[in-house]
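Trainee: My questions will all concern the structure given below.
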């Protein structure tokens with residue numbers, strides 16, 4: 001099992017992880033370090049436990065906002081899919097109606113051909 005070493009706010013940490021997860025853990029540790037350093041510069045000398053708790057609270061706040069946004073976007077996608085299905089259904093019905101009109105028109109034209117030319121004279 002690989003071990004990953006990293007620093008958060010100048011303090012060394014080491015964690016074991018599954019094979020292939022090293023890069024992901026290092027990337028996450030870097031994000032945590034950035035947030036911890038930012039908070040440390042804002043609040044000054046804060047013990048590591050409090051600092052990491054603050055990082056966790058802010059991070060989970062971000063996650064909560066992201067989940068809310070994702071749920072909203074998923075709902076919008078669902079509505080758009082329903083509208084697209086309605087438009088496709090309407091297009092299919094219109095295509096069927098068009099086909100029937102053409103069929104009826106062709107049948108009407110072929111059965112109503114006059115045998116002789118007929119001229120209609122309108123006199124008033």
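Where a number appears in this text, it was derived from the coordinates with a stated rule and is not lab data. What you see is a predicted model; the values in this text were computed from it and never measured. Heads up, the Cβs are rebuilt from the backbone with ideal geometry, glycines too, and the neighbour counts pull from every protein chain shown.
Trainee: Once the piece of chain linking residue 88 and residue 10 is laid out straight, how much longer is it, given 0.36 nm per residue of separation minus the C-alpha distance between them?
Mentor: 22.2 nm
Trainee: If R₀ is 30 angstrom, what is the calculated FRET efficiency for the pair residue 78 and residue 43, using the beta carbon separation as r and rounding to 0.05?
Mentor: Between residue 78 and residue 43 the formula returns 0.10.
Trainee: Running a GNM on the chain with Cα contacts under 10 Å, which residue among 71, 106, 91 ends up with the highest mean-square fluctuation?
Mentor: In the Gaussian network model the winner is 106.
Trainee: If you take the beta carbon distance between residue 58 and residue 3 as r and set R0 to 30 Å, what does 1/(1 + (r/R0)^6) give as a FRET efficiency, to the nearest 0.05?
Mentor: For residue 58 and residue 3, the calculated efficiency is 0.65.
Trainee: Using only alpha-carbon positions, what ratio does the radius of gyration of the chain give when scaled by 2.2 N^0.38 Å?
Mentor: Numbers: Rg = 35.9 Å, N = 124, 2.2 N^0.38 = 13.7 Å.
Compactness ratio reported: 2.61.
Trainee: On a full-extension model of 0.36 nm per residue, what is the gain between residue 98 and residue 31, subtracting their alpha-carbon distance, rounded to one decimal in nm?
Mentor: Computed gain between residue 98 and residue 31 is 18.1 nm.
Trainee: From the helices alone, meaning DSSP H stretches of at least four residues, give me the mean residue ellipticity at 222 nm for the chain, per-run term -39500 (n - 2.57), in deg cm²/dmol to the nearest 500. Intermediate values should be presented prior to the final figure.
Mentor: Details: 2 runs with 86 residues, N = 124.
Computed mean residue ellipticity for the chain: -26000 deg cm²/dmol.
Trainee: Which one, 43, 60, 108, has the greatest fluctuation when you compute a Gaussian network model over the chain with C-alpha springs under 10 angstrom?
Mentor: Per the Cα network of the chain with a 10 Å cutoff, 108 tops the list.
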